[in-house]
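Peer 1: The structure follows.
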Amino acid sequence: MKKLLYMTALLAVAAGCAKTESAPEMSDVVNLSVRVNVSNGADTKAKFDGDSHIKFESGDAFYAAIANESTPTTGVKVGTKSTDYARQYYSIFKTIKDFQPDSPVFEGSFFSISKAAIADAYKFYGVFPKDAVASTGEDLTKWRVNLSGTQSATQSEWDSKSDVMVVKPTVISTDSKTETTYHEYDFSSSNGVEFAHIFGFGKLSFSDVPEKYASLKVKSVTIEAVGEKKDICGQFVLDITGDASKMELNALNSGSSIVVTSTDEVTVKDNVVWFVANPGTYDVKITVATPKYDLVFERQGLVVSRSKITSPIVHFKEADSAVSHDVILAEGESWVNTLSYSNCLSSSKRSQKWGNNPSKQMAFSLAYPGSGNDNYGSSAYADAGYAQLLAYQAIQGKKVILSSEAAFGGIKLVKANLGIYTNDATGTFTVSLEDGDKSYKLGSVKITGNNDNCNGVNYYFANTTGVEYGRFVLTVDSLSTENCRPYIGELSFNSAPEVVFAESVVKVDKIAGSFEVVCDVKGANADPEVTVSEDAKEWLTASYAEGKLTYTVKANEGAKRTGTVTVKAKGIGGEASAELKVVQASVNSAEYKLSVSASEVYTYIQAKIKELEDGGQTVGTNVSAELTIPFTAKGTTDPSKTTTVNLKFAKVLLKESTAEFVRITSTIAPTESIGVVSEVTVVSSWAVEGGNYGRMAVKFSANGLNWTTAPKSTISTSEGADGYKKSVIVNDNSDYLWFSIAPDGYSVNKVKSFDVIFVEE
């Protein structure tokens, strides 16, 4: 192998001021332009073909520096362009516009060299490629380069981005110069320039691999240094002024492993692994990763020499191991994957390990049968964290397949959170296990999408096939449109069942009665068990059947009372339960409705304005005031029954309010507890929002001191023809005896009206 790449450099150097008619005098700086022509002789073939190791392509570039011969290790400061001040110690040399691979040419310029640094000759240095250079400086003996621990190779070439070369120090002569009309100087010189590799190269191949593994597709190969010497890659300090053949590489941040992915699809038996490494002798662990197994080889004495290729053949021996990627679940064991941003499949992560248990992780990947575009997955926000979007582009074949790369064992039940993040789009989701060419269907579900959020529905697929081993496969097909975004959230196998009530708290009247509430029990292997709390057994009974819980109460002849119904379900992965709180009103309880309109409040606003003006105060448009106003709430079943509620309007913009709306910048709340608040309806310019950052919120409190914002799930909003938003907030917490209508403090809200339904004991 040829250690050096010989180049012929035609150096065209221009020095002086800019070419303007008004600038005849010499400038304080000069510019040097250099063109490097690469010889295409037999010893310097541009393409690696087994006999040489250099390949240049259009767009390649390297860093170059110059120094005065008298101070050869001190760089000359230069600018990035002719109009820039000199502030760096390198220039970028790029391939010329009409670059030809068979006769490559690079060119660059050293701008804004001070006259004090002008010399008849310079030392010329360089590092190729430019992206490998980590840092530069005036001291040319301390440049830094990176050798990546992640390399992409073909079956015939190593990663060119990792092949770092340096220019052998070369003298650029400027003895012959001609003065131009504008007092510039042209220089021409011809010099031989050499590039030399600073790292070494490996070429691994494999032999005697058992047939069970030989035909498996290779995902990556890792060469890990496990002996005393470990700096196989990383960042190194170079003296670019020294002899390349004797150059010492001092590691700053070393890496102990190189991961090589092939751009070609290849099997284990046919795989050739090209890599670039720091010269040295290493004891290594070589791991060949395939979808189903990791083949592990431990070897001693791998010799990597500068600018040379080492070509060991790795024979499969009895001591070598094949680590299966299969995940086998023991009896009673579950597997769960909760998605995060880092483990979602994406354009850069086409294969990802899933599984909350690090020792039971499994790689998953996506396929798009029938699609001609380069589709891939993406992450999406969900309340639980993230969901995996199964497609980022149009699904041209209207089919997506998500599958594990190895097999699971012991799968009895699959729970998958599924949905389509596209309004009204439909598709069929099918869950299967595949073993070789055999497929075992566990079940399917047709889903209609919406783009409100990526909080999908939990679907359970019981395995009744009799086969519990195979690759997990989720197929989405029969899509109604190509432009839709199916997704999967949390995925689990053999999980505990799920018990979900449609309501967590129900309120009943004081009279006797029987009622129903939806109770969804999923993943159970038998009917659930229903129990009533001991303190309520005398007046409360309950039973479960066909997704509904029926509860019956006796008439209440005393104070308000509360009982708890527990539904417990057993499944493959354990038990799950949920509670329903039943609150029965007291014998003296009554439900009231408080209705407040802007026109009622406006009467008090006008009175307040008059009061202030009579007191000599000017009431401008930005003047606000606190108002406490009594209102009458009427019984919902008996309107003749009334109670008084005093409301405090903390800050009302007086002149900005009208009989149509009240402009508020602070809260509206009662001055004392009013009873259990069950529902609040607000008609205002801004819709009521959940969370902490909405323009308008409704809050509840048990004591008038500590407040809780109504969650998004309790709010429904519609818009009227007048543009006002009607927000209905339902409260199921019987502890909440206070309410407040609360703007964010920065937005001015127009409140048209509001209603409050509450129960007074």
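Peer 1: Looking at (1) small (G, A, S); (2) in contact with an Asp or Glu (Cβ under 8 Å, 6 or more places away or on another chain); (3) over 20 Å from H197 (Cα atoms), which is the only condition S262 fails?
Peer 2: S262 satisfies all of (1) small (G, A, S); (2) in contact with an Asp or Glu (Cβ under 8 Å, 6 or more places away or on another chain); (3) over 20 Å from H197 (Cα atoms) except (2).
Peer 1: Can you find, within the range 461-501, the residue that is surrounded by the most Cβ atoms within 10 Å (Cβ to Cβ) among those that are assigned to a strand (DSSP E or B) and β-branched (V, I, T)?
Peer 2: Among them, the one singled out is V476.
Peer 1: In the range 417-460, what residues are at pLDDT 95 or above, among the aliphatic types (A, V, I, L, M) and part of a strand (DSSP E or B)?
Peer 2: L418, I420, V431, L433, L442, V445, I447 - these are the residues of the range 417-460 that are at pLDDT 95 or above, among the aliphatic types (A, V, I, L, M) and part of a strand (DSSP E or B).
Peer 1: Conditions: (1) farther than 25 Å from G355 by Cα; (2) touching a Cys at 6+ places or on another chain (Cβ under 6 Å). S480 meets all but one. Number of the miss?
Peer 2: Of the numbered conditions (1) farther than 25 Å from G355 by Cα; (2) touching a Cys at 6+ places or on another chain (Cβ under 6 Å), the odd one out for S480 is (2).
Peer 1: Right, something else. Just give me the residues in the range 265-294 being among the acidic types (D, E) and closer than 20 Å to F199 by Cα, in sequence order.
Peer 2: D283
Peer 1: Evaluate the range 324-340: report whether one residue or more is without any contact (Cβ under 8 Å) to a residue 24 or more places away in the chain and not assigned by TED's automatic domain parsing to the domain that holds S207.
Peer 2: No, because not a single residue in the range 324-340 is without any contact (Cβ under 8 Å) to a residue 24 or more places away in the chain and not assigned by TED's automatic domain parsing to the domain that holds S207.
Peer 1: Follow-up. Can S543 be described as of a type in the set (G, A, S), under 30 Å from N494 (Cβ atoms) and in contact with a Lys or Arg (Cβ under 6 Å, 6 or more places away or on another chain)?
Peer 2: no
Peer 1: Moving on. Tell me the residue from S342, S348, S334 that is closer than 30 Å to L390 by Cβ and surrounded by 11 or more Cβ atoms within 10 Å (Cβ to Cβ), please.
Peer 2: S334
Quick grid of which residues meet (1) over 44 Å from the mean Cα position of the chain (by Cα); (2) not β-branched (V, I, T):
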position: S640; (1), (2): yes, yes
position: K651; (1), (2): no, yes
position: I664; (1), (2): no, no
position: I668; (1), (2): no, no
position: S684; (1), (2): no, yes
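Peer 1: Looking at the structure I just gave you, is A559 hydrophobic (A, V, I, L, M, F, W, C) and in contact with a strand residue (DSSP E or B) (Cβ under 9 Å, 6 or more places away or on another chain)?
Peer 2: The answer is no for A559.
Peer 1: Any residue at all in the range 746-755 that is without any contact (Cβ under 8 Å) to a residue 60 or more places away in the chain and buried (at least 17 other Cβ atoms within 10 Å of the Cβ)?
Peer 2: no
Peer 1: How about the range 442-460: which of its residues are of a type in the set (V, I, T) and either exposed (fewer than 15 other Cβ atoms within 10 Å of the Cβ) or within 21 Å of P497 (Cβ to Cβ) (or both)?
Peer 2: V445, T448, V457
Peer 1: Identify, by number, the condition in (1) out of contact with any Ser or Thr (no Cβ under 8 Å at 6 or more places or on another chain); (2) hydrophobic (A, V, I, L, M, F, W, C); (3) not assigned by TED's automatic domain parsing to the domain that holds S514 that A576 doesn't meet.
Peer 2: (3)
Peer 1: Taking the range 715-745 as the region of interest, how many residues are assigned to a loop (DSSP other than H, G, I, E, B), without any contact (Cβ under 8 Å) to a residue 60 or more places away in the chain and under 24 Å from N646 (Cβ atoms)?
Peer 2: Number of matching residues: 2.
Peer 1: Of everything in the range 372-398, what is of a type in the set (S, T, Y) and over 30 Å from D294 (Cβ atoms)? Give them in sequence order.
Peer 2: Y381
Peer 1: Please find, within the range 547-603, the residue that is surrounded by the fewest Cβ atoms within 10 Å (Cβ to Cβ) out of those that are in contact with a helix residue (DSSP H, G or I) (Cβ under 8 Å, 6 or more places away or on another chain) and either modelled with pLDDT under 90 or of a type outside the set (V, I, T) (or both).
Peer 2: R561
Peer 1: Return the residues of the range 644-676 that are of a type in the set (S, T, Y) and surrounded by fewer than 16 Cβ atoms within 10 Å (Cβ to Cβ); say none if nothing qualifies.
Peer 2: Answer for the range 644-676, where residues must be of a type in the set (S, T, Y) and surrounded by fewer than 16 Cβ atoms within 10 Å (Cβ to Cβ): T644, T658, T671.
Peer 1: Moving on. Looking at the range 84-136, what strands (runs of 3 or more DSSP E) fall wholly within it and have at least 1 residues that are in contact (Cβ under 8 Å) with a residue 40 or more places away in the chain and farther than 28 Å from D159 by Cα?
Peer 2: Ranges flagged: 105-114, 121-128.
Peer 1: Please enumerate the residues belonging to the range 398-416 that are under 26 Å from the mean Cα position of the chain (by Cα) and under 17 Å from Q352 (Cβ atoms).
Peer 2: Passing the criteria: V400, I401, L402, S403, S404, E405, A406, A416.
Peer 1: Here's a check for you: in the range 536-546, which residue that is assigned to a strand (DSSP E or B) and surrounded by fewer than 15 Cβ atoms within 10 Å (Cβ to Cβ) is farthest from the chain's Cα centre (by Cα)?
Peer 2: Per the stated criteria, the residue is S543.
Peer 1: Give the residues of the range 692-707 that are surrounded by fewer than 17 Cβ atoms within 10 Å (Cβ to Cβ) and touching a Ser or Thr at 6+ places or on another chain (Cβ under 7 Å), sorted by residue number.
Peer 2: N692, G704, listed by residue number.
Peer 1: Based on this model, can you work out whether T566 counts as under 51 Å from the mean Cα position of the chain (by Cα), in contact (Cβ under 8 Å) with a residue 24 or more places away in the chain and not assigned by TED's automatic domain parsing to the domain that holds N731?
Peer 2: yes
Peer 1: Among the numbered conditions (1) under 30 Å from V221 (Cα atoms); (2) at pLDDT 95 or above; (3) β-branched (V, I, T), tell me where T73 comes up short.
Peer 2: All conditions pass for T73, except number (1).
Peer 1: Moving to a separate point now. Among what's in the range 502-517 and is of a type in the set (D, E, K, R) and surrounded by fewer than 17 Cβ atoms within 10 Å (Cβ to Cβ), pick the residue that is farthest from E761 (Cα to Cα).
Peer 2: Going through the qualifying residues, I end up with E516.
Peer 1: Filter the range 417-441 down to residues that are under 14 Å from N463 (Cβ atoms) and under 29 Å from the mean Cα position of the chain (by Cα) and give me whichever is surrounded by the fewest Cβ atoms within 10 Å (Cβ to Cβ).
Peer 2: Taking the candidates together, the pick is T430.
Peer 1: Could you check, for the range 443-453, whether at least one of its residues is under 26 Å from E333 (Cα atoms), in contact (Cβ under 8 Å) with a residue 60 or more places away in the chain and not charged (D, E, K, R)?
Peer 2: The answer is no; no qualifying residue exists.
Peer 1: Of the residues in the range 507-535, how many are out of contact with any Lys or Arg (no Cβ under 7 Å at 6 or more places or on another chain) and not in a strand (DSSP E or B)?
Peer 2: So the count comes out to 7.
Peer 1: Report whether or not D159 is acidic (D, E), within 30 Å of S311 (Cβ to Cβ) and modelled with pLDDT of 85 or more.
Peer 2: For D159, the condition - acidic (D, E), within 30 Å of S311 (Cβ to Cβ) and modelled with pLDDT of 85 or more - is met.
The values are calculated or read from the model by the stated rules, or taken from the named source; none is laboratory data. Just so we're clear, the structure is a prediction, and the values are computed from it rather than from any experiment. Cβ coordinates were reconstructed from backbone atoms using ideal geometry, including for glycine residues, and neighbour counts include every protein chain displayed.
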